[in-house]
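Working notes, beginning with the structure itself.
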Amino acid sequence: MYISLVRMPADGLRFEHRYATGELDTSNHEFELVEPPNVTGRIDRTGIEMRVRGEIKTSFTAMCDRCLIDVPFSLVIPIDLLYAPEDPGAGRSGETEIHDRDLDISIYDHDQIDLDALVLEQIELSLPSRLLCSEDCRGLCPECGVLLNEEECGCKKPVDPRWQALADLADQVKLNKPNESPDEPDN
Ligand SMILES: [Zn+2]
Ligand SMILES: [Zn+2]
């Protein structure tokens, strides 16, 4: 879905789009849509740039980092983005450079904004960097691969990741003080 900027009203363009199932191609992304997104917003002209504000509502699933099971998410993602024309010189006399062309500015082409790309990118950016089905997810057994949330296995018990840092520290202390006897009192 593209939003045409050809007939931009002076006071901004409002848009709303409810995606149909299968309309968005998520094959290159790390999430699976459960409910196709609903996008609402407005586009305003700010100089030669377009400012897109609004929100995306959607539900999707993504994989838990520990147990690799799909975790459902419902999200409302606020958007506030700047779009610059691909050729900033077009239709403008004088200077043609966009001031400090920073990375937050997306590009639009042929007087239209690619809403699909916008939505997919915003969902991708909203994925938490560390994704867990629950804080105490026990993950998979590193030895036999069983799902430890659901069954026990006979393998050596893996260290709870929350205690791993402490265990590492204890190892370091042992290594640093190899000759100290704990029974000897201080003088
Ligand atoms: Zn998990
Ligand atoms: Zn095991």
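Each residue of the range 129-146 is assigned a 3J(HN,Hα), and the resulting list reads 5, 10, 10, 10, 5, 7, 4, 9, 4, 8, x, 9, 5, x, 7, 10, x, 6 Hz, derived from the Karplus form 6.51 cos²θ - 1.76 cosθ + 1.60 (θ = phi - 60°), x at Gly and Pro. Applied to the range 50-56, the Karplus parametrisation 6.51 cos²θ - 1.76 cosθ + 1.60 on θ = phi - 60° returns per-residue 3J(HN,Hα) values of 10, 9, 10, 10, x, 8, 10 Hz, with x for Gly and Pro.
Fewest neighbouring Cβ atoms within 10 Å first, the residues R138, R162 line up as R162, R138.
None of the figures in this text is laboratory data; all of them are computed from the coordinates on show. What you are looking at is a predicted structure, and each value in this text was computed from that prediction instead of being measured. Counting neighbours? That spans all protein chains shown, and the Cβs are built from the backbone with ideal geometry, glycine included.
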